[in-house]
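Engineer: Got a structure for you, questions after.
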Amino acid sequence: MNKGSLDEKLKNWPIKKKLIISFGSIIVSTFILIVFLLVGMKTIESKVEGMFSGPTTNTFYINDIRLGLVGNQRAINRVLAVRTASVIAEETAKMEENAQQIKEAYEVLNEHLISEENKESLEIIWNKVNEAGEYRTELVKMFNEGRFDDANAYDESYYTPAIDAIREQAELLDASIFDVGEQYTKDAALTAYALIIIGVILL
């Protein structure tokens, strides 16, 4: 059948048939578009939820580790500067709070991190945190014995290098998590673009 005869046949269709086919096509296209939109929105929603429960949450808790370390260093520096029993007691209590904060952050990260590479980085951080904790305990002992000059030398030789190593590893882990977050963003954007293209085609 050539195009001319097909056009002629379509022209000869009853109005009712033409309307049924036209509206039927619109309804089917609209239904397909709605399905694609719902699937796409669900995909974007899962990406946003993954972004929040994954990279965003993980970055928050890595920052908790950093803040705890900074707090401990600040406490040690204050004790070395003031050298009184009241300050030693006050700052030792703060260091215990910071240590607890770091531990809780580690536990959350250990649960939420997915890739083996990130988990290995976290274990390196945690081992260094435990090492730094032993140095901190020794420093507190020196503080209580009044050996502040020894404590200052010990801090520079052991505690501070351990903290620097933790910070370096934390920055690497943070960068890796940021890359994961970027991928979530790209996936969500691609889904949105696909929905727009499909919508335009169907319309």
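The values are calculated or read from the model by the stated rules, or taken from the named source; none is laboratory data. Remember, it's a predicted structure, so these values are computed and weren't measured experimentally. We place every Cβ from the backbone using ideal geometry, glycine too, and count neighbours over all the protein chains shown. Protein only, heavy atoms only, side chains kept; ligands, DNA and RNA dropped before computing areas. Shrake-Rupley method; radii C 1.70, N 1.55, O 1.52, S 1.80 Å.
Engineer: Considering only residues that are surrounded by fewer than 17 Cβ atoms within 10 Å (Cβ to Cβ) and β-branched (Val, Ile, Thr), look in the stretch 96-123 and name the one that is modelled with the lowest pLDDT.
Structural biologist: So the residue we want is ILE114.
Engineer: So which residues in the stretch 70-94 are under 18 Å from GLU145 (Cα atoms) and touching a residue at least 12 places away in the same chain (Cβ under 8 Å), if there are any at all?
Structural biologist: ALA75, ILE76, ARG78, VAL79, LEU80, ARG83, ILE88, GLU91, THR92
Engineer: Testing ASP155 on (1) open to solvent by 40 Å² or more (accessible area, probe 1.4 Å); (2) at pLDDT 90 or above, one condition comes back false. Which one is that?
Structural biologist: (1)
Engineer: So which residues in the stretch 55-89 are assigned to a helix (DSSP H, G or I) and basic (Lys, Arg)?
Structural biologist: Selection gives ARG66, ARG74, ARG78.
Engineer: Between ARG74, ARG83, which is open to solvent by 80 Å² or more (accessible area, probe 1.4 Å), over 22 Å from SER176 (Cβ atoms) and either among the small types (Gly, Ala, Ser) or touching a Phe, Trp or Tyr at 6+ places or on another chain (Cβ under 7 Å) (or both)?
Structural biologist: ARG83
Engineer: Only one of (1) of a type in the set (Lys, Arg); (2) surrounded by 13 or more Cβ atoms within 10 Å (Cβ to Cβ); (3) at pLDDT below 75 fails for LYS18. Which number is that?
Structural biologist: (2)
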